[in-house]
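The values are calculated or read from the model by the stated rules, or taken from the named source; none is laboratory data. Owing to the predicted nature of the structure, the values given are computational and were not obtained by experimental measurement. Cβ placement follows ideal geometry from the backbone for every residue including glycine, while neighbour counts extend to all protein chains displayed.
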Ligand code: ASP
């Protein structure tokens, strides 16, 4: 097809182009016929330009009358000054006085109108993703994603890292989540797995001497989906030899600094603050604290203050080794209605109610006030630094549950009273996680991070302990990067020693034989001069989502899966032919 190829994009033209003869190619985003005077908004990924067809141009009118939304056209004409300026778009001061118009392709009536404020359901947007991606907002998200990719490549090149690809077809190894499996045609009855992450490969690359590895890689986890999860997602995966935690922190902080600067022009503050896991639980009730909450709302633990309390719930908590803890909210009038809502909120976590008192003009009021002795009141004033109108909420019971619920209450209050500055970005490191948790259902220890994570040196000797509380007290050389209440990256200094790795495998319930069968390759590698090493893997989708100001990572992934883990556009997963199944020696025994 011969057609007039574009001289400019639909986002290019300004007053400085007045009287230029130009050609634009793009999609019809809007068409208005004002009694013979036709206006068309022509769109491409760079922007929108208004085309004007005056009533005297009969032939152009005939073509224009055929145009539907999303037709692809070529339009040649003169750049002229626009009468009614549109200050909302960069090309808003000009328009094109059209002399030639060609239809390059037609479009069926679209299932939804392609506009930023899209009205379509998510299902429809996913099914017709090519239309959805024509929206400027979506295009912008992909452009930001590309920016982050380029920064990552440039940054690591400068830092002396090597980008190395690792296989997509690999051995199924228990890494935490469920594997996606790929049957082998040649080796009947055997399966590859898609990598949950390139964890084992990157460690083996360290054994191979590639001491600074990086890869922007796809990871696959067969999990039930939540808004911030996808079955396939992208990580910036890195690993380094001869490093400690601080080295990993430094590289990661510099990476984040560069990403934020390139993608949004913001210079974030480094180094990031560090909190141990135990302190996170103690002060924020979560290992992913959102530090943007105004008013310094933190958890306070009040057992000491209430040692002599006669108030039954407090007495109960103290005799059962539990905790009495609270948070204070200052300078905000909290109505009875909101307190009722907050009470319902904590009841969902299994608490009978939410204790509270108010403090104003040096006076205590509210349901708890009458149970407080003068000494307790005095200590509470000191503990919460009460010096203005405040409400203090108190829960008592199991320490972890009290902390977690107060942590959620803190966020609920922040949301209710808009105490979070959404445009702020607050990073922090969380360190010293427990190495193991105990899985009650399976009756065994499980790695809190993954099984290659090393214990902190001062805890190494406890790997030989047969006491549960000692094993659970082991702290790991492991860290998370948290941003605004969300885990952005996870990593650790790894075990590089054959004997220690075997011990950890044994502790999580793998016999020597099972460990050999599942992880023999990495155990063997550790016997050929494995260097000390460690790494981290920031989640790229979450980073881009934050930079684009969206909560859902599917907004920054070109072709995401729906919440039912299906691709609505290409209708996968789909059935395959009997011939394909036969080649793989696979028989489907049930449809569901
Ligand atoms: N492979 C780990 C993960 O995906 C990250 C790491 O430890 O480097 O969580």
Residue count, segment 358-390 (criterion: free of Cβ contacts under 8 Å to residues at least 12 places away in the same chain and under 41 Å from the mean Cα position of the chain (by Cα)): 3
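Give 527, 546, 516 a once-over and let me know the one that is surrounded by fewer than 15 Cβ atoms within 10 Å (Cβ to Cβ) and away from the ligand (no atom under 16 Å from the Cβ).
Numbers: 546 fails: surrounded by fewer than 15 Cβ atoms within 10 Å (Cβ to Cβ); 516 fails: surrounded by fewer than 15 Cβ atoms within 10 Å (Cβ to Cβ).
When all the criteria are applied, what remains is 527.
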Residues of segment 468-481 being away from the ligand (no atom under 14 Å from the Cβ) and touching a helix residue (DSSP H, G or I) at 6+ places or on another chain (Cβ under 9 Å), in sequence order, are 470, 471, 473, 474, 475
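Filter segment 2-20 for residues that are without any contact (Cβ under 8 Å) to a residue 24 or more places away in the chain and assigned to a loop (DSSP other than H, G, I, E, B); which is surrounded by the fewest Cβ atoms within 10 Å (Cβ to Cβ)?
Filtering segment 2-20 for residues without any contact (Cβ under 8 Å) to a residue 24 or more places away in the chain gives 2, 7-8, 16.
Okay, now just the ones that are also assigned to a loop (DSSP other than H, G, I, E, B), so 2, 7-8.
On the way: 2: 5, 7: 14, 8: 19.
Looking at residues that are without any contact (Cβ under 8 Å) to a residue 24 or more places away in the chain and assigned to a loop (DSSP other than H, G, I, E, B), I get 2.
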Can you tell me which residue within segment 450-466, out of those that are in a loop (DSSP other than H, G, I, E, B) and either in contact with a helix residue (DSSP H, G or I) (Cβ under 7 Å, 6 or more places away or on another chain) or modelled with pLDDT of 95 or more (or both), is surrounded by the most Cβ atoms within 10 Å (Cβ to Cβ)? 451
Confirm whether residue 447 is modelled with pLDDT under 95, surrounded by 15 or more Cβ atoms within 10 Å (Cβ to Cβ) and more than 20 Å from residue 330 (Cα to Cα). yes
Which residue, of 509, 485, 539, 534, is within 28 Å of residue 272 (Cα to Cα), more than 16 Å from the ligand (Cβ to nearest atom) and in contact (Cβ under 8 Å) with a residue 24 or more places away in the chain? 485
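With under 22 Å from residue 220 (Cα atoms) and not in a helix (DSSP H, G or I) as the only criterion, which of 585, 564 stands out?
Working: 585 fails: under 22 Å from residue 220 (Cα atoms).
Checking each option against the conditions leaves just 564.
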All but one of (1) out of contact with any helix residue (DSSP H, G or I) (no Cβ under 6 Å at 6 or more places or on another chain); (2) assigned to a helix (DSSP H, G or I); (3) surrounded by 16 or more Cβ atoms within 10 Å (Cβ to Cβ) hold for residue 541; state the number of the condition that does not hold. (1)
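Tell me which helices (runs of 4 or more DSSP H) are completely within segment 326-445 and hold 2 or more residues being under 30 Å from residue 458 (Cα atoms), or say none if there are none. Before the answer, list the steps.
Details: elements: 336-347, 374-383, 399-416.
Answer list for segment 326-445: 399-416.
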